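A.B. asks: First, the structure itself, so that you have it in front of you.
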Amino acid sequence: VAAAARRTLVADASARTVRVLPLPGSAPTPAAEGGRPHRTIHDCGRGTDLPGAKVRGEGEEATGDATVNRAYAGLGATFDLFLNAYGHDSIDGSGLPLTASVHYDENYGNAFWNGEQMVFGDGDDEIFLDFTLPVDVIGHELAHGFTQYSANLEYFSQSGALNESVSDVFGSLVKQYALGQSADRADWLIGEGLFHPNVQGTALRSMKAPGTAYDDDVLGKDPQPAHMDDYVRTGRDNGGVHINSGIPNHAFYLAATELGGNAWERAGQIWYDVMTGGTLTPEARFSEFAAATVAAARARYGDAEEIQAVVKAWSAVGVPT
Ligand code: ASN
Ligand code: ZN
């Protein structure tokens with residue numbers, strides 16, 4: 001919600017895994033080396049030292065802590081989407097080990113990617129519950145890592161809102177893929193189930209209807225626009241990155257529902273191709289991203305309904321392609 005945490009957008013090259021070719025005549029590299037997650041969950045014990053004590057490694061059985069197990073499962077669900085839908089091995093495409101720390105700080109109402117790992121707060125028990133509860137929030141945070149290793153969108157203004165939107169897109173797709181939900185069945189909410197019952201709201205954000213996710217005495221009304229006419233100019237939140245993300249979020253929703261079927265397939269593939277295609281600059285604005293989705297749709301699917309769906313979606317939110 002609030003941009004409390006600062007992520008470093010510099011890729012940590014030392015964290016990349018190096019693929020060693022087998023020597024001639026030696027046994028081939030076991031297939032299990034690639035294409036499976038390498039997860040580690042740590043417990044901060046309500047402190048702020050990262051990563052904290054290791055409590056669950058890859059392949060180890062569930063612990064007695066549901067938060068630890070949800071983080072582990074959510075990392076796995078995110079890994080599964082990127083590998084199975086796009087052939088992308090972990091968030092960097094090269095099998096990057098995935099690390100998460102839970103029980104970060106006391107009454108910490110946020111989760112974040114710090115450039116190297118995931119961090120989850122337990123919530124304050126007044127506004128927010130445990131941030132590992134919604135799997136799309138886990139996917140959202142890990143997708144910040146995906147963006148860091150791909151288009152590296154600068155976390156400010158329109159490129160920052162695109163960075164946020166890409167995390168919502170892939171976060172929602174993690175949930176849709178895990179539940180096997182097609183575009184017309186999905187809730188298109190981010191953080192459903194995260195608010196304390198006190199709060200008047202269903203989720204942090206809605207991609208289907210930006211601006212309607214909550215309307216609460218303390219939090220106020222969901223400030224997200226769904227059209228460029230309502231773009232919010234502000235110096236807060238890195239230029240409204242969590243606010244104006246409603247515009248590209250809604251464009252994705254419109255493209256995915258126009259195409260129908262599973263959103264991670266054609267719409268998700270087009271967005272993935274834009275992020276990994278090497279044509280976006282880190283300072284990309286909405287119109288540049290939109291044009292890149294049209295080019296990606298054409299490159300992958302030819303002159304077909306995918307192009308029309310994408311053009312129509314961006315047009316509906318007031319972004320030229
Ligand atoms: N949960 C927020 C986000 O991922 C935290 C932050 O880094 N601003 O956007
Ligand atoms: Zn984010």
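A.B. asks: Pop a pseudo-label 7 angstrom from the Cα along the beta-carbon direction at both Asp216 and Thr281 and give the gap in nm to one decimal.
C.D. replies: Inter-label distance under the simple model: 3.9 nm.
A.B. asks: What residues have an amide H closer than 5 Å to that of Leu204, excluding those fewer than 5 places away on the same chain, when H is modeled at 1.01 Å from N in the peptide plane?
C.D. replies: Ile190, Gly191, Glu192
A.B. asks: Farthest toward the dipole's positive end in segment 157-316, which of Phe252, Ala161, Pro282, given Cβ charges of +1 (Lys, Arg) and -1 (Asp, Glu) about the Cα centre?
C.D. replies: Going by the Cα projections, it comes out as Pro282.
A.B. asks: For segment 157-316, calculate the relative contact order in percent as a whole number, restricting contacts to Cα pairs under 8 Å that are 6 or more residues apart. Don't jump to the answer; show the numbers that get you there.
C.D. replies: Details: 241 pairs, mean separation 39.2, N = 160.
Reported as a whole number, the value is 24 percent.
A.B. asks: Taking the Cα centre of segment 36-149 as the origin and placing charges on Cβ (Lys, Arg +1; Asp, Glu -1), which of Thr78, Gly109, Val119 is farthest toward the positive end of the dipole?
C.D. replies: So the residue furthest toward the plus end is Thr78.
A.B. asks: In whole Hz, with x marking every Gly and Pro, tabulate ³J(HN,Hα) for segment 104-114 from phi via Karplus 6.51 cos²θ - 1.76 cosθ + 1.60, θ = phi - 60°.
C.D. replies: Per residue, the Karplus-derived 3J(HN,Hα) values read 7, 6, 9, 6, 7, x, 6, 9, 7, 9, 9 Hz.
A.B. asks: Can you tell me the Rg and Dmax of segment 88-164, counting just the alpha carbons, in angstroms?
C.D. replies: 13.3, 40
A.B. asks: For segment 157-316, what's the radius of gyration and Dmax over Cα atoms, in angstrom?
C.D. replies: Final numbers for Rg and Dmax: 15.3, 50 Å.
A.B. asks: Along the three principal axes, how long is segment 36-149 when you take its alpha carbons, biggest first, rounded to the nearest angstrom?
C.D. replies: Principal axes ranked by extent give 40, 27, 22 Å for the Cα atoms.
A.B. asks: Can you compute the equivalent ellipsoid semi-axes for the chain, i.e. the square root of 5 times each eigenvalue of the Cα gyration tensor, sorted largest first and rounded to whole Å?
C.D. replies: Values for the chain, descending: 29, 26, 17 Å.
A.B. asks: Please state the charge dipole magnitude for the chain, taken about the Cα centre, from unit charges on C-beta atoms (+1 on K and R, -1 on D and E), reported in debye and rounded to the nearest 20. Please report the intermediate quantities before stating the final value.
C.D. replies: On the way: 22 positive and 42 negative charges, 170 e Å.
Dipole size: approximately 820 debye.
A.B. asks: Determine by what factor the alpha-carbon radius of gyration of segment 162-237 differs from 2.2 N^0.38 Å, reporting the quotient.
C.D. replies: Details: Rg = 13.3 Å, N = 76, 2.2 N^0.38 = 11.4 Å.
Normalised Rg, Cα atoms only: 1.17.
A.B. asks: Nothing charged except the Cβ atoms of Lys and Arg (+1) and of Asp and Glu (-1): what's the magnitude of the dipole of segment 241-321 about its Cα centre? Round to the nearest 20 debye. Mind showing how you got there, number by number?
C.D. replies: Numbers: 5 positive and 8 negative charges, 16 e Å.
So the dipole magnitude of segment 241-321 works out to roughly 80 debye.
Only the coordinates and a few stated rules stand behind these numbers; no lab work does. All values reported here derive from a predicted model rather than from experimental measurement. With ideal geometry, Cβ positions are generated from the backbone for all residues, glycine too; neighbour counts draw on all protein chains shown.
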